[in-house]
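Chemist: Here it is, the structure, as C-alpha cells.
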Amino acid sequence: MQYDPYAEISMITLDPNQIGKEVPVCTVTVTAEDIRKFAEAVGDLNPIYLEVAAAQAAGYPTIIAPPLFCMKMRGGRMRPDVPLAPGYASLHAGQDIEFVDEVYAGQTYTITAKVAEAYEKTGRSGPLGIIVREIAIKDTTGRIVATLRERQIVRSAEKKI
C-alpha cells in the first residue's frame, strides 16, 4: 500500500509536500582516527580499516571505513523528524544499505535525508503507521557513495509490539 497524500493518516503528522523533499543533515570529514575508533568499538580490526599500507595492498588509496560506519555518519536519530500524534510510540523497524563506493579516511561527505514514503496498514494487533526514510551519503563531487533506507513503525503506545 503506497502513501496516499489525500488520505488521513491519524498516527503520523506529515505534510504530504514533505514526501520526497531532500533536507541537509550534516557534512562530515572522515578521519583515520574516526574509523579506528569505530572499528575498535565494533570489534572489527581488519587491517584495511587501521593501516594505510594494508589498505593500499588491498587496492585502496587509503584506509576505508567498515560498512556500518555509514550509520554513525548519519547521526544518532532518524531524520527528517516526523511528529507523531499524542499517545503514539515508534520503533526502528530495520534498514537496508546500498553501497556504491567505499568511505575513505580524509574525505568529506554530505549527508541528506528525505521521507520516501509514509502509509498506514493493519497488522495482527491493529493499525500501524510506516515511515520510510532515505539517507544519501555523497562525496565532494555529489556522487552517492551509499544510500540507507530506514523504516520506522508507529502504533498506539497501549498496544504491545
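Chemist: What 222 nm value per residue comes from the helices of the chain, counting each DSSP H run with n ≥ 4 as -39,500 (n - 2.57) and dividing by all residues, nearest 500 deg cm²/dmol?
Modeler: For the chain, the value works out to -3500 deg cm²/dmol.
Chemist: Give the Rg (one decimal place) followed by the Dmax (whole number) of segment 34-159, computed from C-alpha coordinates and expressed in Å.
Modeler: Considering segment 34-159 through its Cα atoms, Rg and Dmax are 17.9, 55 Å.
Chemist: Moving on to the next point. Tell me, what HN-Hα J-couplings in whole Hz come from the Karplus equation 6.51 cos²θ - 1.76 cosθ + 1.60 at θ = phi - 60° for each residue of segment 137-148, using x for Gly and Pro?
Modeler: Whole-Hz 3J(HN,Hα) from phi for segment 137-148: 10, 10, 7, 5, 8, x, 6, 6, 9, 8, 10, 9.
Chemist: Kindly sort Asp34, Asp96 by accessible area of their heavy atoms, largest first, with the probe set to 1.4 Å.
Modeler: Putting Asp34, Asp96 in descending order of accessible area: Asp96, Asp34.
Chemist: I'd like the FRET efficiency for Thr27 and Val100, computed as 1/(1 + (r/R0)^6) with the beta carbon distance as r and R0 of 30 Å, rounded to 0.05.
Modeler: 0.95
Chemist: Please report the antiparallel percentage of the DSSP beta bridges confined to segment 54-137, to the nearest 5.
Modeler: 100
Chemist: So what is the relative contact order for the chain, in percent, with contacts set as C-alpha pairs under 8 Å and at least six apart?
Modeler: This gives 29 percent for the chain.
Chemist: Once the dipole of segment 27-132 is set up with Lys and Arg at +1 and Asp and Glu at -1 on Cβ about the Cα centre, which of Ser125, Val103, Ala55 lies farthest towards its positive end?
Modeler: Sorting the options by dipole projection puts first Ser125.
Chemist: Would you list, by chain and number, the aspartates and glutamates whose Cα falls below 14 Å from the Cα of Lys121, excluding same-chain residues fewer than 8 positions away?
Modeler: Asp4, Glu8
Chemist: In sequence order, what are the phi-derived ³J(HN,Hα) couplings for segment 75-81 according to the Karplus relation 6.51 cos²θ - 1.76 cosθ + 1.60 with θ = phi - 60°, rounded to whole Hz, with x for glycine and proline?
Modeler: x, x, 9, 6, 9, x, 5
The values are calculated or read from the model by the stated rules, or taken from the named source; none is laboratory data. Note that the coordinates shown come from a computational prediction; the quantities given were computed from them, not determined experimentally. Methodologically, a virtual Cβ is constructed for each residue, glycine included, from the backbone with ideal geometry; neighbour enumeration extends over all protein chains shown. For accessibility, only protein heavy atoms count, side chains too; no ligands or nucleic acids. Shrake-Rupley method; radii C 1.70, N 1.55, O 1.52, S 1.80 Å.
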